[in-house]
Amino acid sequence: DTGVSQNPRHKITKRGQNVTFRCDPISEHNRLYWYRQTLGQGPEFLTYFQNEAQLEKSRLLSDRFSAERPKGSFSTLEIQRTEQGDSAMYLCATTGRDNSPLHFGNGTRLTVT
Amino acid sequence: EDQVTQSPEALRLQEGESSSLNCSYTVSGLRGLFWYRQDPGKGPEFLFTLYSAGEEKEKERLKATLTKKESFLHITAPKPEDSATYLCAVTRGGADGLTFGKGTHLIIQP
């Protein structure tokens, strides 16, 4: 168990650029979540995959956000035309069973200038 | 809509001074309540899961308890390395994952 791995750890981009983050889950975990966390707040749900199927998206998620999980392994989160309000920590979490604890990666810190 | 409220927002204690953190929740059909610890610049680290009222879990200086409306995280004789933000989260199960509170920022002074 090497844990959930996220890359890059930090990303600085200019407003209007596209960015993509990657999450490599714990190998036996088929459930994968993306969360966003801003300073002083708890993580906020963005989207959920079970294997390769995206089963849930937050109604707060802008059309500029898209996520994939090809073959049910790693996942990517893309943000198009970034805005300053997108600056946050993006966290990936995985688990093997419903109602079981989520195991989080150390996140990607995005700064939009 | 599920709601999780944590108090206090911040807490400063002397080393060895025991205290409790509160997590009040409103959720239809609670399937689990989770406590996490988060250090600056890192992802949340799992501490405990509680599934039903009356349940208690312990780990070193930490003890978590659950009632039908709230959960407490008791910290006994804390040490400076216990300084962190403690997050509470609830789930109804299924695709929605966890709903988190804003956390309690705990500082233990030597």
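Here is how the numbers come out for the structure above:
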quantity	calculated
Average accessible area per residue (Å²) across the range A:11-53 - probe 1.4 Å, nucleic acids and ligands excluded	51
Förster radius 22 Å - calculated FRET efficiency between A:E28 and B:Y51, Cβ distance, rounded to 0.05	0.50
Number of partner chain Cβ atoms within 10 Å, mean per residue of B:25-37	1
Drop in accessible area of at least 30 Å² in the complex versus isolated chain, residues of the range B:75-108, 1.4 Å probe	B:G94, B:A95, B:D96, B:L98, B:F100, B:K102
Overall form of the protein assembly as shown per C-alpha gyration tensor (a/c, 1.5; a/b vs b/c)	prolate
The range A:10-51 versus the range A:56-80: alpha-carbon centroid distance in Å	8
Computed over the range B:17-89: relative contact order in percent, which uses C-alpha pairs under 8 Å that are six or more apart	39
GluC sites (Glu not before Pro) within the range B:10-98: DSSP coil, no more than 16 neighbouring Cβ in 10 Å	B:E15, B:E17, B:E55, B:E60
Neighbour net charge for B:T49 - beta-carbon separation under 15 angstrom, K R +1, D E -1	+2
Local electrostatic count at A:T82 - Lys and Arg +1, Asp and Glu -1, tallied over other residues with Cβ under 15 Å	+3
A:K57 versus A:R15: modelled label distance in nm, points set 7 Å from Cα along the beta carbon direction	2.5
Under 5 Å, built H, 5+ apart or other chain: amide partners of B:R92	B:R31
Charge context of B:L30, other residues only, Cβ under 12 angstrom, K/R +1, D/E -1	+1
Residue-averaged beta-carbon neighbours from other chains (10 angstrom radius) around A:88-95	2
Rounded to whole Hz, the Karplus (6.51, -1.76, 1.60) HN-Hα couplings of the range B:78-91, x for glycine and proline	x, 10, x, 5, 7, 5, 4, 9, 9, 10, 10, 8, 10, 9
Accessible area of the protein assembly as shown belonging to carbon and sulfur atoms, whole % at 1.4 Å probe	45
Highest-first arrangement of B:34-43, A:5-14, where packing means the average Cβ count within 10 Å	B:34-43, A:5-14
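The values are calculated or read from the model by the stated rules, or taken from the named source; none is laboratory data. Everything numeric here is computed off the predicted structure, so don't read it as measured data. Every residue, glycine as well, gets a Cβ built from its backbone with ideal geometry; the counts of neighbours run over all protein chains shown. To get the accessible areas, we keep the full protein, side chains included, count just its heavy atoms, and leave off ligands, DNA and RNA. Shrake-Rupley method; radii C 1.70, N 1.55, O 1.52, S 1.80 Å.
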